[in-house]
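Working notes, beginning with the structure itself.
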């Protein structure tokens, strides 16, 4: 009996530490309001400021205009990007609702499908993408996105970008419903 108690006493700090290190999970956001509705928020025109950081240093600044359309089953997001070096990019997402608070997302440069889960005020999804480089080539990376609803008009998107399981960058995007006064003209193509 004394040996069993001694073993339990020795394991107690490890069990307590494991409980502290586990941290929150996406499911912990369930029920938190105001709830995030991608199909409501992204209906119509949305504007976004973004930054891409590598090793904690700002690498690129971007602006995004998004035209969203919800048809009752699928959300289409027509995204137009303008980077600080003048480069432009377009991505069209189709996010099909598969269950309440669940979507399956596809886009031309996305490999396979993104499984999008919404819990309360937050959405979580990951996907592989062939990211274009300045020399015209592409590199396949994984994005792990988290979108949080801050207010009726503001969402923030944090994404980790990784290659072979190693983080190579972080993206932060702030979505706004109203066009900022200093908004640049973004070429459509």
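The values are calculated or read from the model by the stated rules, or taken from the named source; none is laboratory data. Computed from a prediction, not measured in an experiment: that's the story for all the values here. Note that we place each Cβ from the backbone using ideal geometry, even for glycine, and neighbour counts take in every protein chain shown.
Condition test on residue 105, is it part of a strand (DSSP E or B), free of Cβ contacts under 8 Å to residues at least 40 places away in the same chain, farther than 17 Å from residue 168 by Cα and in contact with a strand residue (DSSP E or B) (Cβ under 7 Å, 6 or more places away or on another chain)?
Criteria met by residue 105.
Would you point out which residue out of 42, 119, 81 is farther than 16 Å from residue 175 by Cβ and either touching a helix residue (DSSP H, G or I) at 6+ places or on another chain (Cβ under 7 Å) or at pLDDT 95 or above (or both)?
119
Scan the range 165-187 for residues that are in a loop (DSSP other than H, G, I, E, B) and under 23 Å from the mean Cα position of the chain (by Cα) and jot them down. I'd like the intermediate steps shown before the answer.
First pass over the range 165-187, keeping only residues in a loop (DSSP other than H, G, I, E, B): 165, 177-187.
Once the filter is applied, which keeps residues that are in a loop (DSSP other than H, G, I, E, B) and under 23 Å from the mean Cα position of the chain (by Cα), the range 165-187 yields 165, 177, 178, 179, 180, 183, 186.
Could you tell me how many of the residues in the range 106-129 are under 12 Å from the mean Cα position of the chain (by Cα) and either more than 19 Å from residue 167 (Cβ to Cβ) or buried (at least 20 other Cβ atoms within 10 Å of the Cβ) (or both)?
As a first pass, look at the range 106-129 and keep what is under 12 Å from the mean Cα position of the chain (by Cα): 114-118, 122-127.
Filter once more, keeping what is either more than 19 Å from residue 167 (Cβ to Cβ) or buried (at least 20 other Cβ atoms within 10 Å of the Cβ) (or both): 114-118, 122-123, 125, 127.
The qualifying residues number 9.
May I ask you to verify whether residue 26 is over 20 Å from residue 159 (Cβ atoms), surrounded by fewer than 17 Cβ atoms within 10 Å (Cβ to Cβ), in contact with a strand residue (DSSP E or B) (Cβ under 7 Å, 6 or more places away or on another chain) and at pLDDT below 95?
No; evaluated as a whole, the condition is false for this residue.
Residue 96 fails exactly one of the following numbered conditions: (1) surrounded by 14 or more Cβ atoms within 10 Å (Cβ to Cβ); (2) under 24 Å from residue 154 (Cβ atoms). What is the number of that condition?
Only one criterion is unmet by residue 96, namely (2).
Looking at the range 110-150 only, could you name the residues that are touching a residue at least 24 places away in the same chain (Cβ under 8 Å) and in a loop (DSSP other than H, G, I, E, B)?
120, 121, 134
Output the residues belonging to the range 141-166 that are surrounded by fewer than 15 Cβ atoms within 10 Å (Cβ to Cβ) and within 15 Å of residue 40 (Cα to Cα).
150, 151, 152, 153, 154 - these are the residues of the range 141-166 that are surrounded by fewer than 15 Cβ atoms within 10 Å (Cβ to Cβ) and within 15 Å of residue 40 (Cα to Cα).
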